[in-house]
Amino acid sequence: MGHPHLVCFKTVVAAIAKQMDEGTAFDPEDRFAVILDRGDFDIQAVQAFNRIKDDPNFLHRHRLETCIPAEAEKFIGLQPADFVAYEGLRLMHGKRNGVSQIRKAMDSILDSAGFMSYQFGDETLTHMRDGVEQITCKAGELVIIPPDGAGQPT
């Protein structure tokens, strides 16, 4: 399957593309780009994104535009993206523990923008296990697309 960081990255890319195709908020020609913080897996993440984008078996590949690594010091957009990712994680953990208080800045973002998150627990992963174990693919190229109703959409 590859390193957990890359498995998560590929799952997020696939989930966004799927949501864009199946949701009502996007025009058929809308696409998305990924700008990721430079790190240990930036080159592998770009390669994984491009493999997904070029895979004719991935039904939602037309939603993928481009993926590039950047530095938060030079690409200011990464700083608010890190904030949203951190606050989203706090929101998911809070909801799981019965607490849904979030910072005012994140609350104001949620007033005007959509937010989708998934949290895979034992039940979801157990449900997916048989299907994942039957998949044949090259090493490190498995992409898990969250099944309908999986996780905790927010």
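Any idea how many residues of region 2-22 are part of a helix (DSSP H, G or I), of a type outside the set (A, V, I, L, M) and over 8 Å from the mean Cα position of the chain (by Cα)?
Kept after step one, since they are part of a helix (DSSP H, G or I), are these residues of region 2-22: 4-22.
If we keep only those that are of a type outside the set (A, V, I, L, M) too, we end up with 4-5, 8-11, 18-19, 21-22.
If we keep only those that are over 8 Å from the mean Cα position of the chain (by Cα) too, we end up with 4-5, 18-19, 21-22.
Number of matching residues: 6.
From GLU141, GLU87, which residue is modelled with pLDDT of 70 or more and not aliphatic (A, V, I, L, M)?
On the way: GLU141 fails: modelled with pLDDT of 70 or more.
Exactly one residue qualifies, and that residue is GLU87.
Is it fair to say ILE43 is among the hydrophobic types (A, V, I, L, M, F, W, C), loosely packed, with under 12 Cβ neighbours inside 10 Å and either assigned by TED's automatic domain parsing to the domain that holds PHE9 or assigned to a helix (DSSP H, G or I) (or both)? If you could, list the steps in order and put the result at the bottom.
On the way: among the hydrophobic types (A, V, I, L, M, F, W, C): yes; loosely packed, with under 12 Cβ neighbours inside 10 Å: yes; either assigned by TED's automatic domain parsing to the domain that holds PHE9 or assigned to a helix (DSSP H, G or I) (or both): yes.
Considered against the rule, which asks whether it is among the hydrophobic types (A, V, I, L, M, F, W, C), loosely packed, with under 12 Cβ neighbours inside 10 Å and either assigned by TED's automatic domain parsing to the domain that holds PHE9 or assigned to a helix (DSSP H, G or I) (or both), ILE43 comes out as yes.
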Checklist entry - Quick one: LYS53 ticks every box in (1) in the same structural domain as ARG129 (by TED's automatic domain parsing); (2) part of a helix (DSSP H, G or I); (3) within 13 Å of the chain's Cα centre (by Cα); (4) surrounded by 14 or more Cβ atoms within 10 Å (Cβ to Cβ) bar one, so which box is it? => result (3)
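Considering GLU22, GLU71, GLU65, which residue is modelled with pLDDT of 90 or more, among the charged types (D, E, K, R) and surrounded by fewer than 16 Cβ atoms within 10 Å (Cβ to Cβ)?
On the way: GLU22 fails: modelled with pLDDT of 90 or more; GLU71 fails: modelled with pLDDT of 90 or more.
Testing whether each residue is modelled with pLDDT of 90 or more, among the charged types (D, E, K, R) and surrounded by fewer than 16 Cβ atoms within 10 Å (Cβ to Cβ) leaves just GLU65.
Restricting attention to region 27-40, and to residues there that are part of a loop (DSSP other than H, G, I, E, B) and touching a strand residue (DSSP E or B) at 6+ places or on another chain (Cβ under 9 Å), which single residue is surrounded by the fewest Cβ atoms within 10 Å (Cβ to Cβ)? Full working, then the answer.
Our first condition is that a residue be part of a loop (DSSP other than H, G, I, E, B); within region 27-40, this holds for 27-31, 38-40.
From the residues that got through so far, the ones that are touching a strand residue (DSSP E or B) at 6+ places or on another chain (Cβ under 9 Å) too are 31, 38-39.
On the way: ARG31: 14, ARG38: 15, GLY39: 10.
If we take residues in region 27-40 being part of a loop (DSSP other than H, G, I, E, B) and touching a strand residue (DSSP E or B) at 6+ places or on another chain (Cβ under 9 Å), then GLY39 is surrounded by the fewest Cβ atoms within 10 Å (Cβ to Cβ).
Before we move on, is ILE102 over 17 Å from THR11 (Cβ atoms) and assigned by TED's automatic domain parsing to the domain that holds PRO4? Can you show your working first?
Working: over 17 Å from THR11 (Cβ atoms): yes; assigned by TED's automatic domain parsing to the domain that holds PRO4: no.
Answer is no for this residue.
The values are calculated or read from the model by the stated rules, or taken from the named source; none is laboratory data. Worth saying up front: this structure is predicted, and the values here are computed from it rather than measured. So basically every Cβ, Gly included, is an ideal-geometry build from the backbone, and we count neighbours across all protein chains shown.
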